[in-house]
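For reference, the structure is listed below as structure tokens.
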Amino acid sequence: DIDHLSGSVQFDDACFEYEPGRPVLHNINFTVEPGQMIALVGETGSGKSTIIKLISKFYLPTSGQILLDGIPTHDITSASLAQHLGIVLQNNFLFTGTVMDNIRVARHDATDEQVIDAVRRLDCLDLLEALPLGLRADVGERGGNLSLGQRQLVCFARAMLADPAILILDEATSSVDTITEARIQRSLARLLAGRTSFVVAHRLSTIRHADRVIVLRDGNLAEAGTHAQL
Ligand code: ATP
Ligand code: MG
């Protein structure tokens with residue numbers, strides 16, 4: 001098991017194909033330093049989600065390797081990886097129960113105080129306390145009692161509580177009002193601070209904040225630079 005990950009990520013000539021003879025990633029090479037925020041962009045089908053699936057060892061590369069702190073994902077157990085890597089998906093699942101229950105799935109032994117602290121660190125306690133019963137409000141079936149923004153924040157709070165070295169986030173495309181949007185962006189910045197992050201980014205505001213932007217085109221790494229360089 002790995003006790004500690006500082007969060008460097010390296011793709012070393014990584015290739016991948018879901019079906020034999022039909023490659024979807026071609027010789028991908030890049031290195032990410034601990035703490036960097038990477039925006040992954042590219043057209044639909046370009047390979048963004050596949051990159052994420054390789055980092056999280058959902059699949060192993062067909063050839064080449066992906067290294068976390070210099071260790072090939074091949075040699076890292078899934079249990080070990082789960083401790084150090086967090087994923088926030090676009091439609092992360094909320095189950096029937098309170099907001100608190102839904103946040104606590106990230107760390108079942110967390111106290112109420114630790115859950116509240118995670119929300120506070122996102123600077124969005126007020127947005128969740130606006131619910132009738134605050135953090136003790138029932139989220140409803142699949143989160144139906146919450147606004148889209150609130151659902152997103154519950155997913156952020158889960159990740160904050162888990163506190164992984166590497167965080168992967170598939171940015172939501174759903175539209176919320178400008179003020180909520182600004183609050184979500186602020187909470188996102190707080191969530192990503194101090195950890196390596198990969199954000200499948202749809203919003204220019206997110207791309208602008210990235211340390212580097214990786215552009216994929218038909219499974220090839222087309223460009224990797226800062227937003228200003230691109
Ligand atoms: P989007 O923006 O639509 O989410 P993406 O950049 O995430 O697109 P991927 O999901 O990585 O794209 O897909 C890359 C390629 O791999 C596409 O050609 C897609 O059809 C193919 N692909 C993805 N998942 C599978 C699968 N499970 N089996 C076979 N082919 C797949
Ligand atoms: Mg995708």
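The values are calculated or read from the model by the stated rules, or taken from the named source; none is laboratory data. If you're wondering where the values come from, they're calculated on a predicted model, not measured in any experiment. Here Cβ is always computed from backbone atoms with ideal geometry, including for glycine, and neighbour counts include all displayed protein chains.
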For this session: Answer yes or no: is there a residue in region 216-224 that is part of a strand (DSSP E or B), under 20 Å from residue 96 (Cβ atoms) and of a type outside the set (S, T, N, Q).
Result: no
Problem set entry | Every residue from region 82-101 that is closer than 14 Å to residue 1 by Cα, outside any strand (DSSP E or B) and among the aliphatic types (A, V, I, L, M) | 82
Problem set entry | Leading residue by the ranking (nearest to the chain's Cα centre (by Cα)) among those in region 98-124 that are of a type in the set (Gly, Ala, Ser) and modelled with pLDDT of 95 or more | 118
Exercise. Taking the condition closer than 19 Å to residue 156 by Cβ, in contact with a Gly (Cβ under 9 Å, 6 or more places away or on another chain) and in a loop (DSSP other than H, G, I, E, B), does residue 110 pass?
Worked result: no
Exercise. If you go through region 48-56 one residue at a time, do you hit one that is closer than 25 Å to residue 225 by Cβ, within 16 Å of ligand 2 (Cβ to nearest atom), out of contact with any Leu (no Cβ under 7 Å at 6 or more places or on another chain) and without any contact (Cβ under 8 Å) to a residue 40 or more places away in the chain?
Worked result: yes
Exercise. Of 1, 13, 69, which residue is more than 14 Å from ligand 1 (Cβ to nearest atom), in contact with a Ser or Thr (Cβ under 8 Å, 6 or more places away or on another chain) and modelled with pLDDT under 95?
Worked result: 1
Exercise. Residue 79 fails exactly one of the following numbered conditions: (1) in a helix (DSSP H, G or I); (2) modelled with pLDDT of 95 or more. What is the number of that condition?
Worked result: (2)
Problem set entry | region 155-183, residues that are surrounded by fewer than 23 Cβ atoms within 10 Å (Cβ to Cβ) and among the β-branched types (Val, Ile, Thr) | 173, 176, 178, 179, 180
Exercise. If a residue has to be within 16 Å of ligand 2 (Cβ to nearest atom), over 14 Å from residue 222 (Cα atoms) and modelled with pLDDT of 95 or more to count, how many in region 25-44 make the cut?
Worked result: 1
Exercise. All but one of (1) away from ligand 2 (no atom under 16 Å from the Cβ); (2) part of a loop (DSSP other than H, G, I, E, B); (3) out of contact with any Leu (no Cβ under 7 Å at 6 or more places or on another chain); (4) not hydrophobic (A, V, I, L, M, F, W, C) hold for residue 59; which doesn't?
Worked result: (1)
Exercise. Do you know which residues across region 31-47 are more than 16 Å from ligand 1 (Cβ to nearest atom) and either among the hydroxyl-bearing types (Ser, Thr, Tyr) or more than 18 Å from the chain's Cα centre (by Cα) (or both)?
Worked result: 31
For this session: State whether the residues of region 125-145 include one that is within 30 Å of residue 69 (Cα to Cα) and at pLDDT below 95.
Result: no
